[in-house]
Amino acid sequence: MQRILNMRPRAAQIWPYLFCIPFLLAYMMFHFFPTLYSFILSFYDWNGIMERSFVGVRNYIDLFTKDTMFLRSLKNTAILMGLSTPITVILGLFLANSLFHIGKGRMAYQTINFFPYITTPVAIGFIFSYMFDWQFGFINQIFIRVGLFGEPYFWLQDPWASRMIVVIMIVWRYLGYYMTLYLAALTALPQDVYEAAKVDGANRFIMFFRITVPLLRNMTIFLLLTSMIGGLQMFEEPLLLFSGWANMGNGAMGGPDNAVLTTVWKFYNDAFRLDSRLGYSSAIAYSLFAIIAAVSFLAYRIARRKGGTE
């Protein structure tokens, strides 16, 4: 009897591990194995049907020396990320600070600004594609009626106009999310600092730049890092913009003169749309992973040093 009682604590310790087994098996099957297999596949030339051919690091060498479209996609991604990230972070901070001091109707404004973040990307692509359509889009109609344009403008056929539309899509979609995070951070700030500043005669403008912005530094670093990681993985916005209204079937073109062809879009085209070069596309994926890791590490180190923590 005593032996049975001694075995019960041991059995109780086993149960947590048994409950973890289904998750671990699913993780190994659907995440770890595909990740490892794609890395191995990046050293082969394979289209998914024919026999694989080992090429070593040739895929990586060709990617950075011969594939001009890959280098162009990196440039486009950097431009789109460099334009959208500062705008979204700065607007999110100012909007959150403004809503934080609004009493009546604050929840309504917060909910309205958060709606774009929960909108499906497909709907966003069709909305902006329709808005900037040269024939039926109301953006052209407004500019023509006020006399700025004499005739409809081909927004989606101009490289820089297409880039700016993608930037507007990103800002419009993620502004409410950034605002919500900043609002949560603002509620956690110590109010006695602001009370002491008021006693010293500081106005709201000075308190924002001298107190609020420095105290929100950690949140800003977090949003900048996540924005850079998400920006380097940009895919849905440009693809759906050029797959929506009046652009059906043109989603693989990368926009006018491939101006909005991002790295992930390039990976998608090579893997599933154009030549089914699975080994080469795997090399693109892991090259992008290395770039994201390096950029994130450097950005984090720079941000921490400027903050005076090191």
Check your understanding: Label Phe94 and Arg305 with points 7 Å out from Cα along Cα→Cβ: what is the distance between them in nm?
Key -> 3.0
Study note, to complete from the structure: Expressed as a whole-number percentage, the relative contact order of the chain with C-alpha contacts under 8 angstrom and at least six residues apart is 28
Point to revise | FRET efficiency for Ala188 and Met50, using Cβ-Cβ distance with R0 set to 51 Å, rounded to 0.05 | key: 0.30
Check your understanding: Given R₀ = 41 Å, FRET efficiency for Thr120-Ile21 by Cβ-Cβ distance, to 0.05?
Key -> 0.75
Point to revise | Estimated [θ] at 222 nm from DSSP helical runs (n ≥ 4, -39500 (n - 2.57)) normalised by residues in the chain, nearest 500 | key: -22000 deg cm²/dmol
Study note, to complete from the structure: Computed over all unlike Cα pairs, the Kirkwood hydrodynamic radius of the range 60-309 in Å stands at 20.3
Point to revise | Residue of Ser162, Ser53, Ser287 that the Gaussian network model of the chain assigns the largest fluctuation, springs spanning Cα pairs under 10 Å | key: Ser53
Practice item. Sort out for me the Cα centre separation of the range 268-304 from the range 132-200, rounded to whole Å. Key: 28
Review point. Arg145 to Ala197: FRET efficiency via 1/(1 + (r/R0)^6), r the Cβ-Cβ distance, R0 41 Å, to the nearest 0.05?
Key: 0.25
Review point. Which whole-number value in Å² is the accessible area per residue of the range 60-309, probe 1.4 Å?
Key: 53
Review point. Considering the chain as a Gaussian network with a 10 Å cut-off on Cα pairs, which listed residue, Ile87, Ile124, Ile102, attains the greatest mean-square fluctuation?
Key: Ile102
Point to revise | Max mean-square fluctuation residue, GNM over the chain, Cα-Cα springs under 10 Å, options Gln157, Gln191, Gln13 | key: Gln13
Exercise for review: Starting from one equal scatterer on each C-alpha and no solvent at all, send me the Debye-based log10 I(q)/I(0) for the range 117-216 at q = 0.10, 0.17 Å⁻¹, two decimals.
Suggested key: -0.52, -0.81
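The values are calculated or read from the model by the stated rules, or taken from the named source; none is laboratory data. Computed from a predicted model, the values in this text were never measured in an experiment. Note that each Cβ is placed from the backbone with ideal geometry, even for glycine, and that neighbours are counted across all protein chains shown. Remember, those area values only see protein heavy atoms, side chains included, never the ligands or the DNA or RNA. Shrake-Rupley method; radii C 1.70, N 1.55, O 1.52, S 1.80 Å.
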